[in-house]
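The values are calculated or read from the model by the stated rules, or taken from the named source; none is laboratory data. All values derive from a computational prediction rather than experimental measurement. Don't worry about glycine lacking a Cβ; one is built from the backbone with ideal geometry, like all the others, and counts go over all protein chains shown. Each accessible area value is taken on the protein alone, full model and side chains, heavy atoms only, with ligands, DNA and RNA left out. Shrake-Rupley method; radii C 1.70, N 1.55, O 1.52, S 1.80 Å.
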Amino acid sequence: MNKTATASVAVNSLSQRDTWISIIIIGLLFFIFGFVSWVNAILIPYFKIACELTNFQSYLVTFAFYISYFIVSVPASYLLKKTGFKKGMLIGFLAMSLGAFVFIPAALTRVYEIFLLGLFTIGVGLAILQTAANPYITVLGPKESAAQRISIMGIFNKGAGILAPLIFAAVILKATDTDLFKALGTMNAVEKDVALDDFIRRVIVPYACVGTVLFGLGLFVRFSPLPEINTEQETPAVAAANSTKKSIFEFPHLILGALAIFLHVGTQVIAIDTIIGYANSMKIDLLEAKVFPSYTLFATICGYILGIICIPKYITQVKALRFCTLLGALLTLLIQFANGQVTFLNHDADLSIWMVVLLGFANSLVWAGIWPLALDGLGKFTKLGASVMIMGLCGNAIMPLFYGHFADVFDERLAYWVLFPCYLYLVFYAFKGYALRKWR
């Protein structure tokens, strides 16, 4: 038996104090996940201007960031088996720190591909951290309340997401930038290069700070009191049920759940990362539009709070999942068919943009509903199963590209049709897919 396995403890042996310390530390991790991930919502329009990109090219930000999950998640599960949670998390933080520092040469040269390399490296670190943190919080208590715990993590994650675009915009955008954007079209090539070089170099100081903070957080987690817990412990019933199984592909509810995660995160990132561009299409400038991702994330947090209050006391996590997936499908239709100019929160915009905001509420309990259902009964396959689920996060990389392509070909509003088939599949998983235990 290796040292890591010897050091691991069973979840039911943890005291209430140790359990809450673990939840708080993992909550800090989810805050970091959110801050680093959802800042992409402002990076997309920022790079589109600074690097003179099309819609499709600008959404390579999310592709570079999240495709790392597909590449790294399974290797990350083996890394965690070898090193344990805390050493593995340290490696993840070091990778994120390195990715943040890559932004410095990228900004000095204004080469978009180097920015994408930095984003990919940050994504690698996040993939390692998520492969550790998601199964950890799922098993850290009764499975009936797993969605409740994941909702608490979601508040940390989306709370950071509300702050990230606003803080980043406050640091890199100036009140005079609206005039700068208008003037770019009248500048000659040399003047434009000078103006855009100055504009892009505003990211150097904030990302140098982010890289330093991530390095420090890695050391904090490595030497924190976070216990090494055994996420693969099996009850006698689970061990008996899995005794003949040799592969994770023998768990249909897991494989279908990974596809559900792929589509869910794709719908979530589209709702958040495209809304600034959608607002721009309504002639709302960047300085005003920057707050719309925060509205969507706030709607998500409202859903999390309801989940914490209601699950499992008033509603099961399965019923919550069913409600949210059906609501998402309905809101997607309303984005297309709800028309009319409205003034709300001092924004004069088409009603449909508020349907996009409400997708945040519809998406809130989908992740929390899918994870415990997909990992249920995996036993010794839990870590590998979790890594397959994390691979599904590459939906964040791929789905926005479909949106960006259709936005270029048609327009930003019609491009939201890509969400509808995604929600139909999520409805299928919520009603039937999660219960399948054999392929037919």
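General observations
- Pairs from Lys319/Lys432; Lys158/Lys182; Lys174/Lys290; Lys246/Lys438; Lys82/Lys438 whose Cα-Cα separation, in the structure shown, is over 23 Å: Lys158/Lys182; Lys82/Lys438
- Here the sum of -39500 (n - 2.57) over DSSP H runs of 4 or more residues, divided by the residues of the chain, equals -24000 deg cm²/dmol at 222 nm, to the nearest 500.
- Globularity ratio of the stretch 79-121, using Cα Rg and 2.2 N^0.38 Å: 1.44
- Label zone at Ser145, where the point sits 7 Å out along the Cα-to-Cβ direction: the stretch 276-319 residues whose backbone N lies under 18 Å: 304-318
- In Hz, Karplus ³J(HN,Hα) per residue of the stretch 423-438 (6.51, -1.76, 1.60; θ = phi - 60°; x = Gly, Pro): 5, 4, 5, 4, 4, 4, 5, 5, 9, 9, x, 5, 8, 6, 10, 9
- Among 173-179, 217-223, the peptide with the highest mean count of other Cβ atoms within 10 Å heads the list, and the full ranking is 217-223, 173-179.
- ³J(HN,Hα) computed for each position of the stretch 275-290 - Karplus, 6.51 cos²θ - 1.76 cosθ + 1.60, integer Hz, glycine/proline x: 5, 5, x, 5, 5, 4, 5, 9, 6, 8, 6, 4, 5, 8, 5, 4
- For the chain, accessible area per residue (1.4 Å probe, heavy atoms of protein chains only), Å²: 40
- For the chain, the relative contact order is 27 percent, taking Cα pairs closer than 8 Å that sit 6 or more residues apart in sequence and dividing their mean separation by the residue count.
- Stokes-Einstein D (µm²/s) once Rh is taken as the Kirkwood radius of the chain over alpha-carbon pairs, at 37 °C in 0.692 mPa s: 148
- Loop chymotrypsin sites (Phe, Trp or Tyr not before Pro), the stretch 258-321 (other Cβ atoms within 10 Å of the site Cβ: 10 or fewer; DSSP): Tyr314
- Across the stretch 83-99, coupling constants 3J(HN,Hα) worked out from phi with the 6.51/-1.76/1.60 Karplus curve, θ = phi - 60°, read 9, x, 5, 5, 5, x, 5, 4, 4, x, 5, 5, 5, 4, 4, 4, x Hz, and Gly and Pro carry x.
- Rounded percent of accessible protein surface that carbon and sulfur make up, the chain, 1.4 Å probe: 69
- Modelled FRET efficiency - R0 45 Å, Ala338 with Lys174, Cβ distances, 0.05 increments: 0.85
- Net lengthening on full extension, Arg437/Asp411 (0.36 nm per residue, minus Cα-Cα): 5.2 nm
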